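First up is the structure itself, then whatever we jot down about it.
The values are calculated or read from the model by the stated rules, or taken from the named source; none is laboratory data. What you see is a predicted model, and the numbers here were worked out from it, not measured in a lab. Counting neighbours? That spans all protein chains shown, and the Cβs are built from the backbone with ideal geometry, glycine included. Side chains included, ligands, DNA and RNA excluded: accessible areas come from the protein's heavy atoms. Shrake-Rupley method; radii C 1.70, N 1.55, O 1.52, S 1.80 Å.
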Amino acid sequence: MPGFFWRLFPGLLWRLPVKDRSLFLTFDDGPTPGVTEYVLDTLEEYKAKATFFCIGKNVEAHQSLYEKILKRGHATGNHTYSHLNGWDTDDELYYDDIARCAQLVSSKLFRPPYGKISLAQINYLKPRYRIVMWDVLSGDFDRSLSGEACLKNVLHRAREGSILIMHDSAKAEEKVYYVLPRVLEFFTEGGYRFEVIS
């Protein structure tokens with residue numbers, strides 16, 4: 001994410017200040033049967049923790065899978081109930097959708113779907129949530145990118161304190177299977193730890 005975005009929206013969390021080799025892996029759009037279980041098992045294999053920004057309607061449909069995320073020691077965040085684009089949605093409808101998700105996802109973390117959120121929405125949500133963006137986008141949702149290209153996006157851009165974004169969704173499934181274990185192996189061997197966003 002270009003640095004000028006950070007300057008335009010300094011109240012959003014783009015990267016975390018750390019004093020050690022910590023990285024913050026995040027997953028959007030789940031929980032999704034099959035993909036989320038794979039992600040959880042792979043994280044456990046590398047003793048890694050992550051933060052899952054969940055869509056409310058998916059949590060409602062797969063409550064036991066959501067509980068599994070929490071039982072494994074990971075964090076969760078609100079990603080709206082219906083995966084709404086903040087730029088294209090009436091503010092009140094957007095806030096109501098977030099509130100509906102909050103009935104299912106108990107968290108003070110929020111990530112806007114597509115990263116699209118207006119200044120008015122930011123100002124409304126900031127007293128209620130820590131709005132989490134990212135500085136490393138894998139691109140696993142992009143059907144035009146190969147798994148190798150997504151992997152390079154992460155390996156070449158991540159550094160201490162980086163917030164990495166992937167997706168535990170059906171759309172990203174094939175690339176997640178390729179990218180995730182390689183990311184975890186590369187950085188774990190380099191002395192990094194994967195932590196949750198508090």
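Which entries of K71/K175; K116/K152; K71/K116 have Cα-Cα distances beyond 27 Å here?
Numbers: K71/K175 25 Å; K116/K152 24 Å; K71/K116 30 Å.
Exceeds cut-off: K71/K116.
The alpha-carbon of K47 sits under 12 angstrom from the alpha-carbons of these aspartates and glutamates, leaving out residues fewer than 8 places away in its chain: E185, E195. For the pair segment 62-137 / segment 159-198, the C-alpha centres are spaced 20 Å from each other. Each residue of segment 155-166 was assigned a 3J(HN,Hα) from its phi angle through the Karplus expression (A = 6.51, B = -1.76, C = 1.60, θ = phi - 60°), giving 5, 7, 10, 6, 8, 3, x, 5, 9, 9, 10, 10 Hz with x at Gly and Pro.
Relative contact order for the chain: 33 percent, from Cα pairs under 8 Å spaced at least 6 residues apart, divided by residue count.
Put simply, the amide H of G77, placed in the peptide plane, has neighbours under 5 Å in F52, F53, C54, leaving out anything fewer than 5 places away on its chain.
Extending 7 Å from the Cα toward the beta-carbon at both E174 and A120 defines two label points whose distance is 4.1 nm. Peptides 52-59, 27-34, 99-106, 159-166, ordered by how many other C-beta atoms sit within 10 Å of their residues on average, highest first, read 52-59, 27-34, 159-166, 99-106.
Computed about its Cα centre, the charge dipole of the chain is approximately 700 debye, with only Lys, Arg, Asp and Glu carrying charge at their Cβ.
Can you compute the helix-only [θ] at 222 nm over the chain? Use -39500 (n - 2.57) per DSSP H run of at least 4 residues, normalise by all residues, nearest 500 deg cm²/dmol. List each step's numbers first, then the result.
Values: 8 runs with 79 residues, N = 198.
Helices in the chain give a 222 nm mean residue ellipticity of -11500 deg cm²/dmol.
Straight-line reach from K68: taking Cα to Cα under 15 Å and skipping same-chain neighbours fewer than 8 places apart, the aspartates and glutamates in range are E37, D41, E44, E60, D168.
Short to long, the 10 Å bins of the Cα pair-distance histogram for the chain hold 9, 38, 38, 14, 0 percent of all pairs. Put a plus charge on the Cβ of each Lys and Arg, a minus charge on the Cβ of each Asp and Glu, and nothing anywhere else: the dipole of segment 157-198 about its Cα centre is then about 160 debye.
Run the accessible area of segment 74-198 with a 1.4 Å probe and give the carbon-and-sulfur part as a rounded percent. Provide the component values of the computation, followed by the final result.
Numbers: 2900 of 5920 Å².
Of the solvent-accessible surface of segment 74-198, carbon and sulfur hold 49 percent.
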